[in-house]
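Read the figures in this text as sums done on the coordinates, not as results from a lab. Everything quoted here is computed from the prediction, not taken from an experiment.
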Amino acid sequence: MAFFGLQKPKVLLPEEECNPGREAPNPAAAGKDALHFTKGTRLNEPFPAGVELAMFGFGCFWCSENVFSELDGVYSTSVGYAGGVTKNPTYRDVCGGDTNHNEVVRVAFEPAKLPYAELLRVFWASHNPCTRNRQGNDRGTQYRSGIYYYSDAQKAAADASKAAYGGRRSKSLYLCDTKPVWADSCGVR
């Protein structure tokens with residue numbers, strides 16, 4: 001399948017075959033003080049006290065973002081890339097298939113109102129992790145399923161959810177530490 005005239009690989013590439021990227025930040029990325037388009041809340045730290053972060057990849061990041069953005073207890077959502085090797089990737093870079101990045105949604109949430117376990121439940125209910133590197137008509141390694149954790153507690157909860165919800169469905173799921181993989185992609189829309 002080609003996108004922007006490029007043939008995309010069907011599997012993650014060895015690091016030495018990936019696009020190295022660039023030193024300059026993505027010019028389309030949201031600035032440090034950018035606000036969420038519909039919520040009017042901050043996209044980036046600092047967040048109010050008690051707000052934590054979660055990150056998920058499961059198909060197109062715009063669709064994934066919409067799954068979480070209206071949940072009670074979500075302070076803000078933003079889209080970007082994680083799990084790849086290309087420094088400061090652009091949308092075109094990631095769609096080319098040679099960055100190893102995953103399209104992700106980062107969720108800033110209030111665990112007192114919305115427990116992390118509920119975010120995990122929504123993640124599992126909102127997509128099919130059996131379709132390796134694909135969700136619906138979206139195909140490519142950037143559409144793989146992934147849970148990116150920020151703490152040991154999140155990792156333990158993600159592992160437990162994988163066992164509880166995933167079963168045979170979770171063989172294609174990536175479970176990864178988030179640091180230092182976040183790269184803001186497109187900024188405010």
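Amide H to amide H distances under 5 Å link Arg42 with His36, where only residues 5 or more positions off or on other chains count and H is placed in the peptide plane. Here the gap between Ala34 and Ala125, fully extended at 0.36 nm per residue and compared with their Cα-Cα distance, gives a gain of 29.8 nm. Inter-part distance, region 94-116 to region 16-38, computed on C-alpha centroids, equals 14 Å. Residue pairs exceeding 23 angstrom between C-alpha atoms, taken from Lys39/Lys113; Lys32/Lys87; Lys113/Lys155; Lys32/Lys162: Lys32/Lys162. If the segment from Tyr150 to Lys113 were pulled out straight at 0.36 nm per residue, it would be longer than the present Cα-Cα gap by 11.5 nm. Listed values for region 115-124 are Karplus-derived 3J(HN,Hα) couplings in whole Hz (6.51 cos²θ - 1.76 cosθ + 1.60, θ = phi - 60°), namely x, 4, 4, 6, 4, 5, 4, 4, 4, 5, and x replaces Gly and Pro.
Applying 0.36 nm per residue to the separation of Glu16 and Thr41 and subtracting their alpha-carbon distance, the gain on full extension is 5.1 nm. Put simply, the amide H of Gly21, placed in the peptide plane, has neighbours under 5 Å in Lys87, leaving out anything fewer than 5 places away on its chain.
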